[in-house]
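Enquirer: Got a structure for you, written out below as structure tokens; questions coming shortly.
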There are 2 protein chains.
Amino acid sequence: MIYLDNAATTYPKPEMVYVAMDKCMREYGANPGRAGHQLALEAGRAIYKTRELICKLFNIDNPMQIIFTCNATDSLNLALKGILKQGDHIITTSMEHNSMIRPIVTLEKLGIEYTVIQCDKKGMIDTQDIEKAIKENTKMIATTHASNVAGTLMPIEEIGEIAEKNNIIYLVDAAQTAGVYNIDVEKMNIDLLAAPGHKGLLGPQGTGFLYIREGLDLQQMKEGGTGSKSELLTQPEIIPDRYESGTPNTPGIVGLGAGIEFILKEGIEKIRKHEEELTAYMISELQKIDNVRIYGPLDAKKQAAVISINIEDEDSSEISYILDKVFHIAVRSGLHCAPMAHKTMGTFEQGTVRFSLGYFNTKEDVEKAVEALKKICDELKNR
Amino acid sequence: MIYLDNAATTYPKPEMVYVAMDKCMREYGANPGRAGHQLALEAGRAIYKTRELICKLFNIDNPMQIIFTCNATDSLNLALKGILKQGDHIITTSMEHNSMIRPIVTLEKLGIEYTVIQCDKKGMIDTQDIEKAIKENTKMIATTHASNVAGTLMPIEEIGEIAEKNNIIYLVDAAQTAGVYNIDVEKMNIDLLAAPGHKGLLGPQGTGFLYIREGLDLQQMKEGGTGSKSELLTQPEIIPDRYESGTPNTPGIVGLGAGIEFILKEGIEKIRKHEEELTAYMISELQKIDNVRIYGPLDAKKQAAVISINIEDEDSSEISYILDKVFHIAVRSGLHCAPMAHKTMGTFEQGTVRFSLGYFNTKEDVEKAVEALKKICDELKNR
């Protein structure tokens, strides 16, 4: 099986992730932050270590500003619903995933306005359009860092500047970039950074985080036991406890820590370079196949390692089915939970076949995928 | 290390839980329900299998009525906030954990009334008090199945009858009982059942579920990608998708499935019998120590395997510290995130030292704990 569905979840993970999780489960599977005994303290320290690793990767000062969540969707919901109140306005883009746009559309019912900036067919945004959309009540700008459909990278540093200049909160969805692209919350004026643990950060599913800039006051979505201020019937104000009710996913967070340690050890530049090379190679090879349409920037410097294609007007799910069944290549077809992005690209009806590459993919994997597509095209011609 | 903190999280887990999780991570770590390729389908099947196992354990008909959450707190927040609207009234008890009472107190700000039924010093409830508290706008009765502080079991079948008779929704928090006590949602008229995966169900931290009776319409707390109805910018109505946005914790859910398989293999009666025996033995031994105060029913048939004690007026955290440092016995002291329960028991100032036993504890563990307490008492006398 050649796994080219890394935009959904990276697979495999580094060996050290498996080992760290198993060790946590077997050797210190206690409840962190609740009791004072050795095992509980060890679990608590392991979780704190992951907070520190996240800080290192994204240039965050205070580990207590990292909120662990169960996935990026959870992080985005907390960020959006925690900040936006009746009468507020939010600006977002037409390349967003449903994890961003669905909560925003839901918030509309509570009297929150939104503006969707239309990107071009490659998914590229004109930041002037963002500036033009700013109104007096604009509270937040929320954009993805890279499209999960076309890979298109957003100019987050430039958008961060616009937000900063206009005193607007900037929320970045780093689902497709965390662990591969440089993200510096200070330099880029990012106030809220949402990321899953199980994609580029190489941790397990069931993990994610939201970074909250110090001083930002979000309404929590849940209340419950926090192991702190147990005497209160109201949620404590202490961060991260306020946003982390209930027993955390200790083995998952430990696995996420191991994934980030792997990234720091390998070097994020090396990881990105490898993915860029594979992406550039795949694009150039695909361009040689007559009846393949490729979407997005067609430039490995302007897109994450995500390549969406179609073979003429063929059903995208039919192609992915053949890739799986005949060639044992795992990809994802359809709308990828991002209907607006597909409308932007003109692929809303057909969907696309998405190849998403990871650090553990090789040039040979790409060759085989291209070879398979060639064979499918030939087959279709002779039909 | 003798681990007697199973009410916080059970430890260790059955070997098959570690093995299943590691296998999932290594062999089919794909994203379930998003793509159609083999690995994604295998992950999806594994998750479905856990739904079925939960159904088997709690006599639930339809596996699609199981909502996976990240812990019981998450489940309770969804249950409470999903159902209760302005003008509604909810009845709960004075033995609840903060995961129940904190969301309820928060809901008060939205115009939801609540009544807390006062239990006696042992944590026992008089169900007539519940009946008396019912008003025209009573929408829900919400109780724990067993106190996490004193172990006191609530008569949930009886309460379920009262709820059913009055056409009121019944929510049960099974954090301390799922996997050990018989819970039959049909027979007991339970409309919403919240449970963590990492306690009696022997799964990993980061898992939990909420069972929702078919036909009950809850407002979801989060929106996002569901892998279904991707074309919509609004949350799909399909269950469980509506309540399960974002990538699920596949390895965690697989581990939870393995934990339940272990329970079904051993037999829940055998597990409960073992825990009851240990509890009865520990209570009887503790009663022989002069200056130990034991709280709760003092009857293994009326309480889960949770025993709270104090040594005269000694600081509970001091005792647990000595148990850990000198005797390598892991317990939890303080308020256990349940201040109302401690007020009910008269231990709000002092807290208690909580011993919570699990299926993997032995009589020898209990003996050592009792021995340690005796030594501490002697030490204190000679002070």
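Enquirer: Determine the shielding of peptide B:20-32 by partner chains: average, over its residues, the number of Cβ atoms on other chains within 10 angstrom of each Cβ.
Expert: Taking all residues of B:20-32 together, the mean is 5.
Enquirer: Further, regarding this structure: Normalised by the residues of region A:143-243, what does the relative contact order come to in percent, with Cα pairs under 8 Å and at least six apart?
Expert: 19 percent
Enquirer: Based only on Cα atoms, what mean projected area does the convex hull of the protein assembly as shown have, in nm²?
Expert: So the Cα hull casts an average projection of 31.0 nm².
Enquirer: While we're here: Write out the GluC sites (Glu not before Pro) in region B:122-213 meeting two conditions: DSSP loop, and at most 16 other Cβ atoms within 10 Å of their Cβ.
Expert: B:GLU136, B:GLU186
Enquirer: Also, I was wondering about something else. Of the DSSP beta bridges with both residues in the protein assembly as shown, give the percent that are antiparallel, rounding to the nearest 5.
Expert: The antiparallel proportion sits near 50 percent.
Enquirer: Right, next: How fast does region A:1-156 diffuse by Stokes-Einstein, in µm²/s, taking the Kirkwood radius from C-alpha pairs at 25 °C and 0.890 mPa s?
Expert: 131 µm²/s
Enquirer: Seen from all sides and averaged, what is the projected area of the convex hull of the Cα atoms in region A:216-320, in nm²?
Expert: One quarter of the hull surface, i.e. the mean projection, equals 11.5 nm².
Enquirer: Among A:MET188, A:PRO240, A:GLY255, whose Cα projects farthest towards the positive end of the dipole of region A:15-266, with charges put on the beta-carbon of Lys, Arg (+1) and Asp, Glu (-1)?
Expert: A:GLY255
Enquirer: Equivalent-ellipsoid semi-axes (√(5λ), Cα gyration tensor) for region B:115-224, whole Å, largest first?
Expert: Equivalent ellipsoid of region B:115-224: 23, 20, 12 Å, largest first.
Enquirer: Mind telling me which of B:GLN235, B:GLN118, B:GLN65 comes out most flexible in a GNM of chain B, alpha-carbon contacts under 10 Å?
Expert: Of the options given, B:GLN235 has the highest mean-square fluctuation.
Enquirer: Hey, what angle do you get for helix B:316-325 against the long axis of chain B, alpha-carbon based, 0 to 90 degrees rounded to 10?
Expert: Long axis of B:316-325 versus the principal axis of chain B: about 90 degrees.
Enquirer: Report the accessible surface area buried between chains B and A, summing both sides, using a 1.4 Å probe on protein heavy atoms only, in Å² rounded to the nearest 100.
Expert: By this definition, chains B and A bury close to 6100 Å².
Enquirer: A follow-up question, please. Send over the Kirkwood Rh of chain A, from the inverse of the averaged 1/r over different Cα pairs, rounded to one decimal Å.
Expert: The answer is 21.5 Å.
Enquirer: State, to one decimal in nm and shortest first, how far the label point of B:ASP61 sits from each corresponding label point in the other identical copies (label point: 7 angstrom along Cα-to-Cβ).
Expert: The answer, with the shortest distance listed first, is 5.8 nm.
Enquirer: Let me ask you something else. State, as an integer percentage, the relative contact order of region A:282-356 based on alpha-carbon contacts under 8 Å between residues 6 or more apart.
Expert: Relative contact order, region A:282-356: 31 percent.
Enquirer: Take region A:127-186, compute every pairwise Cα distance, and split them into 5 Å bins from 0; I just need the percent in each bin.
Expert: 4, 18, 30, 22, 16, 8, 2, 0
Enquirer: Shortest first and in nm with one decimal, please list how far the B:SER317 label point sits from its counterparts in the other copies (point 7 Å along Cα→Cβ).
Expert: 5.6
Enquirer: Still on this structure, please answer the following. Under 5 Å between amide hydrogens, which residues at least 5 positions from B:GLN176 or on another chain qualify, with H placed 1.01 Å from N in the peptide plane?
Expert: Residues meeting the amide H criterion: B:HIS145, B:ALA146.
Enquirer: In region A:15-266, what % of DSSP beta bridges are antiparallel (nearest 5)?
Expert: The antiparallel proportion sits near 35 percent.
Enquirer: Additional query: Calculate, for B:GLN219 and B:ARG383, the FRET efficiency according to 1/(1 + (r/R0)^6) with r their C-beta to C-beta distance and R0 60 Å; round to the nearest 0.05.
Expert: 0.60
Enquirer: Shielding of B:10-17 by partners, i.e. mean partner chain Cβ atoms within 10 Å per residue?
Expert: Taking the mean over all residues of the peptide, I get 3.
Enquirer: Pick out, in residue order, every one of the chymotrypsin sites (Phe, Trp or Tyr not before Pro) in region B:327-364 that is DSSP loop and has at most 16 other C-beta atoms within 10 Å; say none if there are none.
Expert: Filter output for region B:327-364: B:PHE348, B:PHE360.
Enquirer: Which FRET efficiency, nearest 0.05, do B:VAL19 and A:PHE360 yield, Cβ-Cβ r, R0 22 Å?
Expert: Here the calculated transfer efficiency is 0.40.
Enquirer: Quick one: which of B:LYS121/B:LYS363; A:LYS325/A:LYS381; A:LYS301/A:LYS381 span more than 30 angstrom between C-alpha atoms?
Expert: A:LYS301/A:LYS381
Enquirer: Below 8 Å, C-alpha to C-alpha, sequence gap of six or more: please give me the relative contact order for region B:15-266 in percent.
Expert: This gives 27 percent for region B:15-266.
Enquirer: Using a simple spin-label model with points 7 Å from Cα along the Cα→Cβ vector, what separation in nm is obtained for A:GLU231 and A:GLU312?
Expert: Each label point is offset 7 Å from its Cα along the Cβ direction, giving 7.6 nm.
Enquirer: How many percent of the accessible area of the protein assembly as shown is carbon or sulfur, using a 1.4 Å probe?
Expert: Summing carbon and sulfur atoms, their accessible area is 47 percent of the total for the protein assembly as shown.
Enquirer: Additional query: Largest first, please: the extent of the C-alpha atoms of region A:289-383 along each principal axis, to the nearest Å.
Expert: Rounded to whole Å, the extents work out to 33, 32, 23 Å.
Enquirer: What is the distance in Å between the Cα centroid of region A:170-213 and that of region A:226-268?
Expert: Region A:170-213 and region A:226-268 have Cα centres separated by 15 Å.
Enquirer: Which of the residues in region A:312-351 show a loss of at least 40 Å² in accessible area from their chain by itself to the complete set of protein chains, at a probe of 1.4 Å?
Expert: Buried by 40 Å² or more upon assembly, which counts only protein chains, are A:ASP324, A:ARG332, A:CYS337.
Enquirer: I'd like the orientation of helix B:38-58 relative to chain B: the angle between its Cα long axis and the longest Cα principal axis, in ° from 0 to 90, rounded to 10.
Expert: 50 degrees
Enquirer: I need the inter-copy label distances for B:THR127: point set 7 Å along Cα to C-beta, values in nm with one decimal, smallest first.
Expert: 6.6
Enquirer: Using a simple spin-label model with points 7 Å from Cα along the Cα→Cβ vector, what separation in nm is obtained for A:LYS375 and A:ASN291?
Expert: Going by the 7 Å Cα→Cβ label model, 1.7 nm.
The values are calculated or read from the model by the stated rules, or taken from the named source; none is laboratory data. In this text, all values refer to a predicted model and were calculated from it rather than measured experimentally. We place every Cβ from the backbone using ideal geometry, glycine too, and count neighbours over all the protein chains shown. Heads up: the accessible areas ignore ligands, DNA and RNA and are worked out on the full protein's heavy atoms, side chains in. Shrake-Rupley method; radii C 1.70, N 1.55, O 1.52, S 1.80 Å.
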